[in-house]
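Only one structure is covered here, and it is reproduced in the block below.
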Amino acid sequence: MKHLWLFLLAPLLLAQEKVDLYTVNRIKAEEFQNSKVMENAFYLTDVYGPRLTGSPGLKAAAEWAVRRMTEWGLANPGMEKWGPFGRGWTCVHFSGHQKEPQYAPLAGFARPWSPGTNGPVFGEPVLGVLKADADLDKFKGKLKGKMVLLEDPAPLLSETEPALKRFTDAELAAEMLAPDPSARSPFANPIPLIPGQPRPAGVPPFGPAAREAREKFRDKVNQFLTGEGVLLTLSPSYRATSGIVFSAAAGSQDPKRPLPPPSVALEVEQYNRIARLVDEKIPVRLEFDIENKFLDDTQDSFNVTAELPGTSKKDELVMLGAHLDSWTGGTGATDNGAGSAVVLEAMRILKALDLKMARTVRMALWTGEEQGLLGSRAYVKEHFADRETMTLKPEHAKLSGYFNLDNGTGKIRGVYLQGNDMMRPIFQAWLEPFRDYSANTVTIRNTGGTDHQSFDAVGLPGFQFIQDPLDYMTETHHSTADMYDHLQAGDLMEASAIMAAVVYDAATRDEMLPRKPLPKPQPPRREGEAGRPASAGN
Ligand SMILES: [Zn+2]
């Protein structure tokens with residue numbers, strides 16, 4: 001054995017994940033000198049937002065992304081159909097006024113998948129809190145022609161913590177520890193909350209079971225309200241934050257589910273004023289003029305995709321993505337214009353530097369995420385595997401990994417290994433050049449609530465980064481404040497460089513990424529985002 005020393009050294013060489021620091025350096029320089037990430041974000045928010053799935057705004061944003069990627073010279077930019085999603089919806093006119101006892105313009109908006117008012121309507125508000133079946137009996141015959149206040153007035157949150165928060169070193173160290181193995185839900189922290197820290201005030205329960213239960217009750221309430229001839233419903237922001245309206249859908253994209261009456265979400269102070277006046281039996285008169293459109297020309301949606309073709313292993317894939325669709329009220333800046341702008345920017349960097357990568361890099365901007373990761377799940381089923389049967393498609397063997405960005409505008413602080421121990425040394429090496437951005441926390445923990453789950457569910461390596469929470473749960477997530485102003489340019493520039501580098505590392509790595517054992521087939525169910533109250537359907 002002439003080269004015995006090499007043989008002995010091999011395990012050491014294998015243990016050391018190679019990182020091309022020269023290329024990492026070029027990626028950083030390209031991003032910090034020529035960044036387009038905020039320009040991307042401007043188009044996705046100020047120009048085309050909001051981007052509710054099925055709305056004209058989403059389609060325009062997707063078409064813009066395809067045009068922009070074509071200009072950059074990416075391969076195969078396009079919109080790949082999936083469906084059915086259901087009917088589209090958009091609000092084209094909203095005005096609300098308190099006419100009596102004093103005039104006040106009302107700050108709010110029409111809740112998605114509710115109908116308009118067919119011209120101005122005037123009415124008297126009454127309190128009709130519908131939280132359980134018994135409430136429906138209680139209000140039977142009493143709400144005809146009324147504007148119904150669906151919630152008790154909520155005391156304004158007295159915010160003692162700063163709205164905008166970065167993780168401390170101690171919090172990241174805690175996040176790095178494995179979770180309590182006796183904890184029942186693997187998705188116990190849907191956004192990077194700290195173990196043991198209570199859910200921020202006003203943030204409702206989440207998860208597939210809670211979603212199903214909410215939607216069932218919402219159907220029942222909507223059927224009741226329409227049957228009773230209610231003129232319109234009013235809900236306060238579900239998080240009682242001063243001046244910001246957080247809201248949930250009033251109806252469903254599924255045309256078979258019952259239609260609600262016209263439904264308005266109001267800022268909490270104004271809602272509470274109306275409720276107090278009603279309670280004191282002082283006559284209140286409100287006027288609303290709302291025009292909403294249901295778009296039934298297609299029930300399908302689309303994901304936006306584009307590629308950088310690989311060289312020696314071009315049939316193998318590395319994917320990166322974020323969801324392009326948003327909520328309404330704001331323009332979907334932090335949820336998830338931020339992630340979409342970064343994914344586009346990472347692709348631009350890799351193309352601008354003309355980097356040669358063995359594997360093909362494919363980006364995807366998903367839709368239907370807000371309704372339960374629908375776009376990414378449809379894509380995974382079409383291309384990789386059916387989670388319900390675990391029937392694998394040929395491409396399943398060819399996807400090395402998927403990297404997702406969808407926890408707001410906050411700086412990347414590391415990555416969730418999603419229970420994949422084999423990825424630890426790899427991510428540690430990849431994130432080492434970003435140690436001075438404090439981006440190198442690698443935790444075995446899972447995170448849920450976004451599109452990497454669609455890949456993880458069929459045994460593909462899918463990862464979401466750890467991100468600083470900033471004001472995501474306190475101000476912007478599904479609220480009227482989800483606007484460009486809340487985006488953090490520096491954080492998004494760092495995230496773009498990190499995503500480009502991680503994708504480059506994966507696409508040039510000798511081997512594909514190591515996988516966990518294949519999961520068993522799973523019964524049908526819907527994952528989805530946090531952020532809707534138990535009474536959202538009201
Ligand atoms: Zn969302």
For the chain, return all DSSP H helices satisfying: extent of Cα atoms along own axis at least 15 Å; mean Kyte-Doolittle hydropathy at least -1.0. 4-15, 21-34, 56-72, 268-279, 338-352, 489-508
Given the chain, what percent of its DSSP beta bridges are antiparallel, to the nearest 5? 55 percent
Could you list Ile282, Ile426 so that the one with the fewest beta carbons within 10 Å of its beta carbon is first and the one with the most is last? Ile282, Ile426
Cα-Cα pairs of the stretch 131-178 separated by more than 15 Å (percent): 71 percent
Listed residue pairs exceeding 18 Å between alpha carbons, taken from Lys351/Lys381; Lys381/Lys520; Lys59/Lys293: Lys351/Lys381
How high is the FRET efficiency between Ala489 and Thr391 when r is their beta carbon distance and R₀ equals 45 Å, given to the nearest 0.05? 0.50
At 1.306 mPa s and 10 °C, plugging the Kirkwood radius over alpha-carbon pairs of the stretch 20-163 into Stokes-Einstein gives what diffusion coefficient in µm²/s? 76 µm²/s
Would you mind ranking Glu511, Glu269 by Cβ crowding within 10 Å, fewest neighbours first? Glu511, Glu269
Any idea what the relative contact order of the chain is, in percent, if you count C-alpha pairs under 8 Å spaced at least 6 apart? 25 percent
Any idea how far apart Glu80 and Asp254 come out in nm if each label point goes 7 Å out from Cα toward Cβ? 2.6 nm
Estimated D of the stretch 263-305 in µm² per second, where Rh is the Kirkwood radius over Cα pairs and Stokes-Einstein applies at 37 °C, 0.692 mPa s: 229 µm²/s
Under 5 Å between amide hydrogens, which residues at least 5 positions from Ala385 or on another chain qualify, with H placed 1.01 Å from N in the peptide plane? Lys393
Per residue, how much space in cubic angstrom lies within the convex hull of the C-alpha atoms of the chain? 159 Å³
What is the distance in Å between the Cα centroid of the stretch 453-473 and that of the stretch 81-146? 35 Å
Semi-axes of the stretch 236-384's equivalent ellipsoid from the Cα gyration tensor, sqrt of 5 times each eigenvalue, largest first, rounded to whole Å? 44, 19, 11
Quick note on His486, His477, His383, His93, ordering by fewest other C-beta atoms within 10 Å, gives His93, His383, His486, His477
Counting sequence-distant residues (5 or more places) and residues on other chains, those with an amide H built under 5 Å from that of Val264 are Arg111, Thr233, Leu234, Ser235
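Would you calculate, for the chain, the mean residue ellipticity at 222 nm contributed by helices, counting each DSSP H stretch of 4 or more residues as -39,500 (n - 2.57) and dividing by all residues, to the nearest 500?
-9000 deg cm²/dmol
The numbers here are math on the coordinates, done by the rules we state, and not lab data. Just so it is clear, the structure is predicted and the values come from calculations on it, not from any experiment. So basically every Cβ, Gly included, is an ideal-geometry build from the backbone, and we count neighbours across all protein chains shown.
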